Structure formats: structure tokens, C-alpha cells
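Here's the structure we're looking at; comments come further down.
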Amino acid sequence: MDRTTLLNLANQLKELDYRYTYKRIDFYFPPEGEFSKDKYLKQMSWMEAGALYPVRGLFGGNGTGKTLTAGVEVVYHLTGQYPEDWRGRRFHKPIKSYISTINVKQLRAGLQLVLFGSYIDPGTGLIPKKELLNDDGEVQVWALSGATIGSARIRHYTNGIFDGWSELYCLTYKQGWESFQGFNADVMWLDEDPRSAKLVSEAIARTRGSSGNEGLFIYTGVPLAGKDPI
């Protein structure tokens with residue numbers, strides 16, 4: 001190969017490495033390839049159901065991709081960057097989203113890792129790095145405690161045009177059902193069983209909105225406790 005060809009190849013590899021590190025969502029459910037969406041019909045059907053059903057649950061065994069699937073959809077809503085053939089729910093404005101799981105430890109090891117990636121390098125998860133940066137290049141992520149993220153701002157686009165910042169807040173079940181009162185949410189995502197019907201009821205109520213403008217409630221988990229009131 002000549003020098004020009006080698007340089008072009010090197011630039012392509014550098015771009016691919018950047019995308020794999022800081023824009024990982026591109027590699028999940030693409031239109032074609034080894035991991036194309038036509039190979040994940042259950043996941044696609046579940047996401048498409050959001051256009052009709054404001055309350056959804058995704059259940060399955062450990063390691064079956066529940067959290068990843070829900071995370072992909074939540075990032076679509078946070079950024080407004082939907083696939084061209086998206087048939088699920090769409091938000092045409094920046095959103096306010098809340099995510100929650102059992103405790104801080106599981107928040108850090110689960111939802112935070114999926115959405116943000118490394119705490120010391122946010123943007124290595126499903127949320128693209130550049131959508132976490134303000135105009136000065138500062139990462140718009142703030143800590144809850146220690147190495148646990150508590151809130152973040154994410155750039156949102158409607159029809160490809162930047163129209164403001166989506167907000168993401170983190171809660172834990174350990175904070176109690178009272179922490180799920182007194183606010184509105186466009187998207188509320190609970191990961192793992194809170195074993196509290198009251199907490200779930202309050203979480204769903206946060207997304208009630210107005211007629212035709214309801215938010216989304218998403219619940220992912222392994223039904224380890226078997227059948228329960230939830």
C-alpha cells in the first residue's frame with residue numbers, strides 16, 4: 001500500500017476506535033451486521049410497544065440483556081437521536097428522566113456503568129461522550145456520593161437540531177418511597193425489584209403527565225421473589 005492509503009486506513013481505524021469507546025450506542029441493534037436488530041425481535045417489539053403503552057416491564061434471567069435494551073431506549077429519548085426506522089415512543093423536546101435501583105452500590109455497578117461507563121471517563125457507556133460536554137468541553141455530570149453519579153445533563157436534538165439539555169437524575173430504593181414524590185418525569189426507569197408496591201405506585205404517578213402527553217415508566221428485572229403484588 002502507498003502512504004496515502006495507509007494514512008486513510010489509519011484515520012478510519014482511529015475513528016472506529018473513538019466510536020467504540022465514546023459512541024458505543026452505534027454498535028447496538030444496527031440495521032445490518034452480526035448484531036443487527038432483525039436478530040433481536042423480542043427487544044425490538046418491546047421498544048416499539050412504548051408507542052402504545054406508557055407502562056412496560058422487561059423480565060428475564062441474569063445476563064439476557066434487559067438493562068442494556070432499556071438503556072438503549074432511554075438514551076434515544078435523552079438525546080432525541082432515534083434510528084431512522086424507529087417505531088417506538090418519541091419525545092420532541094429535552095426530557096427529564098429518573099433512574100433507580102436497589103442501592104448506591106448497585107446503581108454504580110449497574111445502571112451507571114451501562115449509561116455512563118467509567119466514572120472517571122463518563123461517555124464510555126451508551127450515552128455518547130460529546131452529548132455530555134458543554135460548549136467549554138466540560139462534562140455535565142455530578143456526583144451523588146463517592147464515585148456514584150447523581151445527575152447529568154445530556155444534549156437533546158429534534159430533527160437533528162440541538163434544542164436544549166435533557167436532565168437525568170439517580171435515585172435508590174433505599175431512599176424510600178417518599179423520595180419518589182413531588183416531581184414529574186418524562187421517563188422513569190426502575191431496575192430490579194423494589195419489593196414495594198407503594199414505591200412503584202409513586203414512581204408510575206410521576207409519569208402521569210396530561211392526557212396524550214404521558215411519560216414512560218420502564219421496569220426491568222429478574223423475578224427472583226416470584227409472583228408478588230407488583
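Brief remarks on what is shown
- Per-residue ellipticity at 222 nm from helix content only, as computed over the chain with -39500 (n - 2.57) for each DSSP H run of at least four residues, stands at -7500 deg cm²/dmol.
- Of Ala70, Ala51, Ala205, the one that fluctuates the most in a GNM where the chain has Cα springs shorter than 10 Å: Ala51
- Difference of contour (0.36 nm per residue) and Cα-Cα distance, Thr64 to Lys130: 20.9 nm
- Value of relative contact order over the stretch 3-221, rounded to a whole percent, pairs C-alpha under 8 Å and six or more apart: 23 percent
- DSSP beta bridge pairing in the chain, given as percent antiparallel to the nearest 5: 40 percent
- Considering only Pro31, Pro194, Pro128, the Gaussian network model of the chain with Cα springs below 10 Å gives its largest mean-square fluctuation to Pro31.
- Between Asp85 and Asp38, residue separation times 0.36 nm minus the direct Cα-Cα distance comes to 15.7 nm.
- Remark: the stretch 107-115, residue by residue, has Karplus-estimated 3J(HN,Hα) of 4, 5, 8, x, 4, 4, 5, 5, 7 Hz, where x stands for each Gly or Pro and the curve is 6.51 cos²θ - 1.76 cosθ + 1.60 at θ = phi - 60°.
- Bridging of Lys130 to lysines at a Cα separation below 28 Å is possible for Lys14, Lys23, Lys37, Lys66, Lys93, Lys96, Lys105, once same-chain residues fewer than 8 apart are set aside.
- What you get for the stretch 3-221, charging only the Cβ of Lys and Arg (+1) and of Asp and Glu (-1), is a dipole of about 280 debye around the Cα centre.
- Label point distance in nm, Ala143-Leu13, each placed 7 Å from Cα along Cα→Cβ: 3.8 nm
- Crossing angle, helix 3-22 versus the chain [Cα axis fit, 0-90 degrees, rounded to tens]: 10 degrees
- Put in order of Cβ neighbour count within 10 Å, fewest first, the listed residues His92, His156, His77 become His92, His156, His77.
- Residue with peak Gaussian network fluctuation, the chain [Cα springs, cutoff 10 Å], from Tyr18, Tyr82, Tyr169: Tyr18
- Taking other C-beta atoms within 10 angstrom as a stand-in for reagent exposure, Met44, Met188 fall in the order Met44, Met188, fewest first.
- Within the chain, longest stretch clear of exposed GluC sites (Glu not before Pro) (DSSP loop, no more than 10 other Cβ within 10 Å): 139-230
- Reference-scaled alpha-carbon Rg (2.2 N^0.38 Å with N residues) for the chain: 1.05
Here, each number is a calculation from the coordinates, and none is a lab measurement. This is a predicted model, so every value here is computed, not measured. We place every Cβ from the backbone using ideal geometry, glycine too, and count neighbours over all the protein chains shown.
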